[in-house]
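Chemist: Before I ask anything, let me first share the structure, which is written out below as structure tokens.
Read the figures in this text as sums done on the coordinates, not as results from a lab. Computed from a predicted structure; not experimentally measured. Backbone-built Cβ (ideal geometry, glycine too); neighbour counts: all protein chains shown.
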Amino acid sequence: MIRDRFERLDVAFHGYNDDSREVFEIPEVREFVHRLDGEFPFWLFFLSKSYLGLQAITLCFLPPHLTEEAKKTILPQRLDQLLNNRWWPAMNHICEAVSFTEAEIEELSERVITYFTTGPLRD
């Protein structure tokens, strides 16, 4: 069942259409995502790399109000920390649990890196 859900999910946050802030700037959304991640850090395995759900989740872990100059230095550092300390280990754990090959893990890792560097992938 886990393999069947591989990269087939997306997330969205409804009820904030009338809010002028970006969803990742809303404290209640950020808190919810942090709590959810505490129980389920397997985003890289399950979330599609073709949609914006993974981006929304990620932005909830990054500082929301930065100058353009700060975004260039702080965001890559914080993303690197998030990936290395939390999400890569979780992804590797679940890949091992479903017996992914090294090639499959490498391919997924490359899609994740491409997603974060160039945006959602086209199907």
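Chemist: If the only charges are +1 at each Lys and Arg Cβ and -1 at each Asp and Glu Cβ, what is the size of the charge dipole of the chain around the Cα centre, to the nearest 20 debye? Walk me through the numbers before you get to the answer.
Modeler: On the way: 13 positive and 21 negative charges, 15 e Å.
Result for the chain is approximately 80 debye, rounded to the nearest 20.
Chemist: How charged is the neighbourhood of Asp19? Take every other residue with its Cβ under 12 Å from the Cβ of Asp19, and add Lys/Arg as +1 and Asp/Glu as -1. Don't skip to the end; give the middle numbers.
Modeler: Numbers: positive: Arg21; negative: Asp18, Glu22, Glu25, Glu28.
Counting the neighbours of Asp19, the net charge comes to -3.
Chemist: Next up: Based on DSSP H runs of at least 4 residues, each adding -39500 (n - 2.57), what is the mean residue ellipticity at 222 nm of the chain after dividing by all its residues, to the nearest 500 deg cm²/dmol?
Modeler: Numbers: 6 runs with 66 residues, N = 123.
It lands at -16000 deg cm²/dmol.
Chemist: Also, quick follow-up: How far is helix 88-97 tilted off the main Cα axis of the chain, in degrees rounded to 10, range 0 to 90?
Modeler: Around 30 degrees separate the two axes.
Chemist: I'd like the GluC sites (Glu not before Pro) in the stretch 1-77 restricted to DSSP loop residues with at most 15 other Cβ atoms within 10 Å, sorted by number. The partial results should precede the final answer.
Modeler: On the way: sites: Glu7, Glu22, Glu25, Glu28, Glu31, Glu39, Glu68, Glu69; in loops: Glu7, Glu22.
Hits after loop and neighbour filter: Glu22.
Chemist: Let me ask another. Could you tell me how many degrees, from 0 to 90 and to the nearest 10, lie between the Cα long axis of helix 27-39 and the main elongation axis, the longest principal axis, of the Cα atoms of the chain?
Modeler: Tilt of helix 27-39: around 20 degrees.
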